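Step one of this worksheet: look at the structure below.
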Amino acid sequence: MRLTVVGCAGSTTGPDSACSSYLVEEDGHRLLLDLGAGASGPLQRYADPLDIGTLILSHGHSDHWGDTTQLGYHRARAGRPVAVIGPSDMHEVLTTNPDTFDTTVATAGDRRIGPFAVRLGRVRHGDVECWGTRIGDALCYTADTEPCPEVEELAAGCRVLLAGASGLDADGPLRGHLTAGDAARLAARSGARLLVLTHLRAWQDPLALLDEAAAIAGCQVVLATPGLRIAL
């Protein structure tokens, strides 16, 4: 199994990265976690859009779903709708175009998607419905969440934690988001071997985020960068 960071910018696209999007591959199956603004172009460096099996959208903010319509254009030329799992408040463009998007509303619990054992858990992102994703024991993607019991449960026992780091502890607590320190404490409690900090905002110092997390996590910590690939 392999994880590829397609985009890792938070809130808006950055000078060097599209917004959140993460490709997970195993046995020829390609699962995409989020497809935020600007990510459909870089995605084509790593996978043919026609080969994406399923897209899981964590929530309805455009930095996590905005380029789904562009993926739909690619699929339309082949007459194959995009299989999308997402929140009940998905944008209507995804729920009213069945020839382009085959949508399923996310629910908590386990499901099988190709070779992947997937668990979805609803996390806390202000008033917005938001879902974190667990893939076997290999990966937990927090999506956008503040510290909460739900994300603790989802992350427990994962080997790689892909977690938002939307500020420093000195900036927090952040409503609906983790600080780098929060992400590190989550990694330490989960027993993760690797913490990947993502949702990196262009106006923040990424090295400060890295330093804060590394001092706390008790495991290896890296910054997400476009094109980063990790064997899971």
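Where a number appears in this text, it was derived from the coordinates with a stated rule and is not lab data. Note that the coordinates shown come from a computational prediction; the quantities given were computed from them, not determined experimentally. Here the Cβ is made from the backbone with ideal geometry for all residues, glycine too, and neighbour counts use every protein chain on show.
In table form, for the structure just shown:
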item: Residues being in a strand (DSSP E or B) and either surrounded by 19 or more Cβ atoms within 10 Å (Cβ to Cβ) or aliphatic (A, V, I, L, M) (or both) - total across segment 96-123; result: 11
item: Unmet requirement for Asp63, which otherwise passes all of (1) touching a Leu at 6+ places or on another chain (Cβ under 7 Å); (2) among the charged types (D, E, K, R); (3) surrounded by 22 or more Cβ atoms within 10 Å (Cβ to Cβ); result: (1)
item: Some residue of segment 124-143 being part of a loop (DSSP other than H, G, I, E, B), surrounded by 16 or more Cβ atoms within 10 Å (Cβ to Cβ), free of Cβ contacts under 8 Å to residues at least 60 places away in the same chain and more than 18 Å from the chain's Cα centre (by Cα); result: no
item: Enumeration of residues in segment 8-25 that are of a type outside the set (Ser, Thr, Tyr) and within 15 Å of Leu71 (Cα to Cα); result: Ala18, Cys19, Leu23
item: Test: residue in segment 163-179 that is part of a loop (DSSP other than H, G, I, E, B), aliphatic (A, V, I, L, M) and touching a residue at least 40 places away in the same chain (Cβ under 8 Å); result: yes
